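*Asks:* Below is one structure. I have some questions about it.
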Amino acid sequence: HIQGTRWNKNVITYIGRYTRDLPRSTVDSLVESAFSVWARASSLTFVRSHTRNADIMVEFHGDLYPFDGPGGTLAHAFGPGLGAGGDTHFDDDEHWTAGETFNLFVVAAHEFGHALGLKHSRNPDSLMYPTYRSSRPANLLSREDVANINALY
Ligand SMILES: COc1ccc(S(=O)(=O)[C@H](CC(=O)O)C(F)F)cc1
Ligand SMILES: [Zn+2]
Ligand SMILES: [Zn+2]
């Protein structure tokens, strides 16, 4: 993945595609909530765009461009940059839910961390810890996550 360092702006646009697992309105609200996790903790704002030249393209892919079937890699994201930079893809071979496994909000919040330039954390309490756990605390971000996004922006 093209791992950039950071976006050189604070207003970041995104445009979303959909999965058959959930209603479109649910995907919209889970994606928006996942962005707001980072917006609340930083000086960043996220604006949904309706033109294809958004910074972050949120996609679901599986069949044509398979990830690895159910389980394994759930999603991946490109680091900040032009073109594919920031784009975030979810494995549509997973079962995406608004509740248990796999929770789209939790996975999206983690991926958007990568799309903003964050790497993995070794702290199991951090959102940026590389392992998915459905039982997430209410406050998704650890103090380390908040410190890391503010060190970058
Ligand atoms: C908490 O959010 C996630 C945890 C683990 C993953 S993952 O298992 O898909 C991970 C991909 C990633 O760290 O983004 C693995 F390397 F494939 C995605 C989101
Ligand atoms: Zn992809
Ligand atoms: Zn990750």
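The values are calculated or read from the model by the stated rules, or taken from the named source; none is laboratory data. The structure presented is a predicted model; accordingly, all values stated were derived computationally and were not measured. As a convention, Cβ positions derive from the backbone with ideal geometry for all residues, glycine included, and neighbour counts pool all protein chains shown.
*Asks:* Looking at THR13, THR5, can you tell me which residue is in contact with a Ser or Thr (Cβ under 6 Å, 6 or more places away or on another chain), among the β-branched types (Val, Ile, Thr) and more than 15 Å from PHE90 (Cα to Cα)?
*Replies:* Values: THR5 fails: in contact with a Ser or Thr (Cβ under 6 Å, 6 or more places away or on another chain).
Sole residue among the options that is in contact with a Ser or Thr (Cβ under 6 Å, 6 or more places away or on another chain), among the β-branched types (Val, Ile, Thr) and more than 15 Å from PHE90 (Cα to Cα): THR13.
*Asks:* Return the residues of segment 115-126 that are in contact with a Phe, Trp or Tyr (Cβ under 8 Å, 6 or more places away or on another chain) and surrounded by fewer than 21 Cβ atoms within 10 Å (Cβ to Cβ); say none if nothing qualifies. Before the answer, list the steps.
*Replies:* Taking segment 115-126 as the starting set, the residues that turn out to be in contact with a Phe, Trp or Tyr (Cβ under 8 Å, 6 or more places away or on another chain) are 115-117, 120-123.
Answer for segment 115-126, where residues must be in contact with a Phe, Trp or Tyr (Cβ under 8 Å, 6 or more places away or on another chain) and surrounded by fewer than 21 Cβ atoms within 10 Å (Cβ to Cβ): GLY117, HIS120, SER121, ARG122, ASN123.
*Asks:* Something else now. Pairs please, first residue from segment 111-128 and touching a residue at least 60 places away in the same chain (Cβ under 8 Å), second anywhere and in a loop (DSSP other than H, G, I, E, B) and within 16 Å of ligand 2 (Cβ to nearest atom), Cβ atoms under 6 Å, 6+ apart in sequence or on different chains.
*Replies:* Matching pairs, first to second residue: GLY117/GLY79.
*Asks:* Here is a follow-up. Could you check segment 1-53 and list, in sequence order, the residues that are surrounded by 16 or more Cβ atoms within 10 Å (Cβ to Cβ), at pLDDT 95 or above, part of a loop (DSSP other than H, G, I, E, B) and not polar (S, T, N, Q)?
*Replies:* The answer is TRP7, TYR18, ASP21, LEU22, LEU44.
*Asks:* Considering only residues of segment 114-153 that are under 14 Å from ALA77 (Cβ atoms) and of a type in the set (A, V, I, L, M), which is nearest to ligand 2 (Cβ to nearest atom)?
*Replies:* ALA115
*Asks:* Let me ask something else. Against the definition (more than 9 Å from ligand 1 (Cβ to nearest atom), within 24 Å of PHE46 (Cα to Cα), surrounded by 13 or more Cβ atoms within 10 Å (Cβ to Cβ) and among the aromatic types (Phe, Trp, Tyr)), how does PHE112 come out, yes or no?
*Replies:* For PHE112, the condition - more than 9 Å from ligand 1 (Cβ to nearest atom), within 24 Å of PHE46 (Cα to Cα), surrounded by 13 or more Cβ atoms within 10 Å (Cβ to Cβ) and among the aromatic types (Phe, Trp, Tyr) - is met.
*Asks:* As an exercise: evaluate PRO124 against (1) assigned to a loop (DSSP other than H, G, I, E, B); (2) of a type outside the set (Gly, Ala, Ser); (3) in contact with a helix residue (DSSP H, G or I) (Cβ under 6 Å, 6 or more places away or on another chain) and give the number of the one condition it does not meet.
*Replies:* It fails just one condition, (3).
*Asks:* On the given criteria, is GLY99 part of a loop (DSSP other than H, G, I, E, B) and either of a type in the set (Lys, Arg) or within 13 Å of ligand 1 (Cβ to nearest atom) (or both)? Break it down stepwise before answering.
*Replies:* Details: part of a loop (DSSP other than H, G, I, E, B): yes; either of a type in the set (Lys, Arg) or within 13 Å of ligand 1 (Cβ to nearest atom) (or both): no.
No, not satisfied.
*Asks:* On the basis of being touching a residue at least 40 places away in the same chain (Cβ under 8 Å) and surrounded by 12 or more Cβ atoms within 10 Å (Cβ to Cβ), does ALA75 make the cut? Talk me through it step by step, then tell me what you get.
*Replies:* Details: touching a residue at least 40 places away in the same chain (Cβ under 8 Å): no; surrounded by 12 or more Cβ atoms within 10 Å (Cβ to Cβ): yes.
No, not satisfied.
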